[in-house]
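Every number in this text was worked out from the coordinates using simple rules, so none of it is lab data. Note that this is a predicted model, so its numbers are computed, not measured. As a convention, Cβ positions derive from the backbone with ideal geometry for all residues, glycine included, and neighbour counts pool all protein chains shown.
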Amino acid sequence: MLAREEFAGRLEAALGRHLGAPAPIGRLIRLTGGATKATWSIEAGPGGERRAFVAQFSVPRRVDAGNPMAELPRVLGADDAACMIAAAAAGVPAPPVRAVFDEADGLGAGYLMDRVEGETIARRVLREAVYAPARGAFAAQCGTILARLHTIPPAALPFLIESGPAQQVDLYRRIYRSFDHPVPALELGFRWAEEHLPADARTVVTHGDFRFGNLIFGPDGVRAVIDWEICHLGDPVEDLGWLCVRTWRFGGSQPVGGMGRREDLLQAYARAGGATVAPAHLRFWEGFGCLKWAVMCMMKGQAYLKGGERTVEALAIGRRMEEPLADFYRLLAGED
Amino acid sequence: MPNSRPVAPDMLAVIRDWLEREILPGLSDDRKFLMRVAVNMLGTVERELREGPALNAAEATRLRSLLDRDGSLDELNRALCAEIAASRRGIDDAALVAHLRRSLAAALAVNNPKWSPPQS
């Protein structure tokens, strides 16, 4: 990784090049950093004005040959930016992309977008009075956004890989088994998923991680959908179900992101041109979403055993695996 | 374990309390977040030391009766996974599902007691 000063210098040069005018950087703050991703908040003034940007950099996931994790969707740099551009064109609120960094920039794979002001922290959106209108509108707004998102023409994003329900059940089971940590509750969950594969799955552009944390809120509702890096071609109901997974409710009492009713989500989705979704189809993706999150907890929490991330945060996530598994059996028992 | 006092979970508890009361309030926001995660993790280790042996013994007892065989907890869980993978036991097996839900509730009691346990 570049030293901060060197990075800042190259970034300033890249901004000038792509924005068409010298853009001296005022503030430069690293928002998130990880093994595979870094996000920077930038205030820079092309031609003397002061504008707020976010730069996103990603590096390919490093896994051994033959590791099933290599088959997971991963959209990087220019492709990630292309997803947001295509989404905006389809009427999805997404941050305007201002530049895609290239080799001449010497920054690695990444892009520059406008910073969308707002809140991403679930606890605040779920509790603070100012977000009451956003909470009330959330389920229907997400239905509308997802209906538009699922109209993104796949031809615009030829790099996307296909990952439908049967493929995902198979892939996540292989990932789980690669850890050699037998978990009967997960094993039985995969059997259930296999036996309940949706018969009427379609194939469209799906966001893949549409939930709290990847949505920027203003008081009136969702202002932007971010984090397109696991975008893929898949069943549209995947996005609807993932949004209802109990983990992403962050303690909120309602099924849709803790804030709304499933009926409102599905009605708005159909009204905005999405297909009518059968309850069992949504239930498959909610149930399988729980299993996926359990496997993701395993991936994050046990990566250190294979030379991966060894941090307090990563290991703590490993111990969250039983949360979605308990939720899975609650869903099956009709308790959710 | 040495015949020494204080016992390990009590030592963890006092470290956790000290970090939470004395260190956490003075930290910057991003470090505060990670310190909270670390403090919670110490709580998990403490609960595992205190309650883990009894919870594991109860799980093994249930597994022995479910599988009608003996073995260590790990062996029994492997055997159960093999039975499920081979379709010898399915989602309609009420005794199996009840056992799994009890095991998940036990794990949550250690890992995150605030996560509402399943009602079974």
For segment A:192-311, what Kirkwood radius comes out of the mean inverse Cα-Cα distance, in Å? 15.5 Å
Quick check on the exposure proxy: order B:THR44, A:THR276 from fewest to most C-beta atoms within 10 angstrom. A:THR276, B:THR44
Quick one: compute the contact order of segment B:8-111, relative version, from alpha carbon pairs under 8 angstrom and 6+ residues apart, as a percent. 27 percent
Determine which aspartates and glutamates satisfy two conditions relative to B:LYS114: a Cα distance under 13 Å, and not lying fewer than 8 residues away in the same chain. A:GLU322, A:GLU323
Post the alpha-carbon centroid distance, segment A:140-154 to segment B:66-120, in whole angstrom. 39 Å
Filter the GluC sites (Glu not before Pro) in segment A:241-333 down to the DSSP loop ones having no more than 12 other Cβ atoms within 10 Å, then list what survives. none
As a test of the formula, what do you get for chain A when each DSSP H run with n ≥ 4 contributes -39,500 (n - 2.57) and the sum is divided by the residue count, at 222 nm and rounded to the nearest 500 deg cm²/dmol? -13000 deg cm²/dmol
Nearest 10 degrees is fine. How inclined is helix A:132-149 to the longest principal axis of chain A, computing both from alpha carbons? 90 degrees
Determine one quarter of the surface area of the Cα convex hull of the protein assembly as shown, which equals its mean projected area, and express it in nm² to one decimal. 24.5 nm²
For segment A:222-301 and segment A:76-103, distance of Cα centres in Å: 22 Å
Compactness index (Cα Rg / 2.2 N^0.38 Å), segment A:1-97: 1.26
Under 8 Å for C-alpha pairs, at least 6 residues apart: give me the relative contact order for chain A, rounded to a whole percent. 16 percent
Given A:110-118, A:292-300, the highest-first ranking by average Cβ count within 10 Å works out to A:292-300, A:110-118
A:LYS37: which aspartates and glutamates have alpha carbons under 15 Å from its alpha carbon, excluding same-chain residues fewer than 8 sequence positions away? A:ASP79, A:ASP80, A:ASP227, A:GLU229, A:GLU309
Cleavage-rule hits, trypsin sites (Lys or Arg not before Pro), segment B:1-110, DSSP coil, Cβ neighbours within 10 Å at most 16: B:ARG69, B:ARG88
Crossing angle, helix A:279-302 versus chain A [Cα axis fit, 0-90 degrees, rounded to tens]: 60 degrees
